[in-house]
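Asker: Take a look at this one; I'll ask things after.
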Amino acid sequence: LRIAVLVSGGGTNLQALMDRMHEGTLKARIVCVGSDRPGAFGLERARTARIPTFVVDYSRYRRGEGGLPPMDTALVDQILARQRILPQGADPVAARRRLWGLICAERELMDRLDAHRPDLVCLAGFMRLLTPHFLDHYNTGGTFRVINIHPALLPAFPGRHGYRDTFHYGCKWGGVTVHFVDEGEDSGPVIAQAVYPIFDQDDESTVQKRGLHLEYKIYAQVINWIADGVVHVEPGPGPRPRVRI
Ligand code: GRF
């Protein structure tokens, strides 16, 4: 299985995957590592492991520097109608301009990824919203080809601060989730979850440490399952599709 990994930050999940790849226990080859941030330490880790890297500078697209191509208004309207995360209301002109910048950034991201022909795109602390424009490109023929690791037991605590939110809520158990990526925020079909206990003497950092350990294990496990072809998405009893292993 050829996998691409996208990171925005430290990249300890990436490191765990690279370690397993070098050990021979990951049934996948990391063909490239991409980031939206030139300074992401994950890129450094990839370079050390001699894995090709690239950066897509989203902020340039946001500022419209160097000029964006003329807006494809039909595409923007179509995406705007479907996407569930960007603010749709307040200022429609700004929202459309912002979305067009995002679409242009994603075009570059897809080109850079596709140069390495990945079978699967793995988000590992990639802090950007992916629009339906990007997801349609990979989620074709009823198959999801983008996965994410989330630091909480979804659907509890979506968003960026899974560990903090779990700890502040006073949970006695925390969890981590690997899921397919769909158009919502951390809302795609759940592939695997793992839980850990939270003790009275814990603080946010001990909680995070415990959770990260589980992240490293289940992310690799899920990638191996996908490589083995045993992960199936099926209609569920309710409105949501569900994953069967
Ligand atoms: C992890 O907690 C992951 O669940 C979340 O972002 C964090 C990335 O950490 N999506 P790292 O960059 O892999 O160390």
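Asker: Calculate the length of the line joining the C-alpha centroid of the stretch 182-245 to that of the stretch 1-66, in whole Å.
Answerer: Answer, in whole Å: 20.
Asker: Sticking with this one: With 27 Å as the cut-off, how large is the P(r) tail for the chain, expressed as percent of Cα-Cα pairs?
Answerer: Numbers: 11283 of 29890 pairs.
Result for the distance tail: 38 percent.
Asker: Note down the nm distance, to one decimal, between modelled labels 7 Å out along Cα→Cβ at D200 and at R50.
Answerer: 5.4
Asker: Given contacts defined as C-alpha pairs under 8 Å and at least six residues apart, what's the relative contact order of the stretch 2-244, whole-number percent?
Answerer: Details: 404 pairs, mean separation 44.3, N = 243.
Worked out over the stretch 2-244, it gives 18 percent.
Asker: Averaging sequence separations of C-alpha pairs under 8 Å and six or more residues apart, then dividing by the length of the stretch 46-176, give the relative contact order as a whole percent. All intermediate terms of the calculation are to be shown ahead of the outcome.
Answerer: On the way: 97 pairs, mean separation 25.0, N = 131.
With pairs under 8 Å counted, the relative contact order is 19 percent.
Asker: If you stretched the chain out fully between I245 and T140, how much longer would it get, using 0.36 nm times the residue separation minus the C-alpha to C-alpha distance? Show your work: numbers first, answer last.
Answerer: On the way: separation 105, 0.36 × 105 = 37.80 nm, distance 2.02 nm.
That works out to 35.8 nm of additional length.
Asker: For each of E215, E108, count neighbouring Cβ atoms within 10 Å of the residue's Cβ, then give the residues from fewest to most.
Answerer: Listing E215, E108 from fewest to most nearby Cβ atoms yields E108, E215.
Asker: Right, something else. Pairing the Cα long axis of helix 92-114 with the longest principal axis of the chain, what angle in degrees results, from 0 to 90 and rounded to the nearest 10?
Answerer: Rounded to the nearest ten degrees, it is 60.
Asker: Right, here's the next one. So how far apart, in nm, are the two label points at E234 and Q78 if each is 7 Å from Cα heading toward Cβ?
Answerer: Roughly 3.3 nm, to one decimal.
Asker: Given 10 °C and 1.306 mPa s, how large is the Stokes-Einstein diffusion coefficient of the stretch 1-69 in µm²/s, with Rh as the Kirkwood radius over Cα pairs? Can you show the working numbers first?
Answerer: Numbers: Rh = 12.8 Å.
Translational D for this selection: 124 µm²/s.
Asker: While we're here: Counting other beta carbons within 10 Å of each Cβ, put L129, L109, L214, L135 in order, fewest first. The partial results should precede the final answer.
Answerer: Working: L129 13, L109 25, L214 18, L135 22.
Listed from fewest to most nearby Cβ atoms, that is L129, L214, L135, L109.
Asker: Moving to a separate point now. Along the Cα→Cβ direction, 7 angstrom out, place labels at A115 and A95. What is the inter-label distance in nm?
Answerer: According to this spin-label approximation, the distance is 3.5 nm.
Asker: Sort F157, F199, F167 by Cβ crowding within 10 Å, fewest neighbours at the top.
Answerer: Values: F157 24, F199 9, F167 21.
Ordered by Cβ neighbours within 10 Å, fewest first: F199, F167, F157.
Since every read-out is calculated from the coordinates, none of them should be taken as a lab result. Computed from a prediction, not measured in an experiment: that's the story for all the values here. FYI the Cβ positions are ideal-geometry reconstructions off the backbone, even for glycines, and counts take in every protein chain you see.
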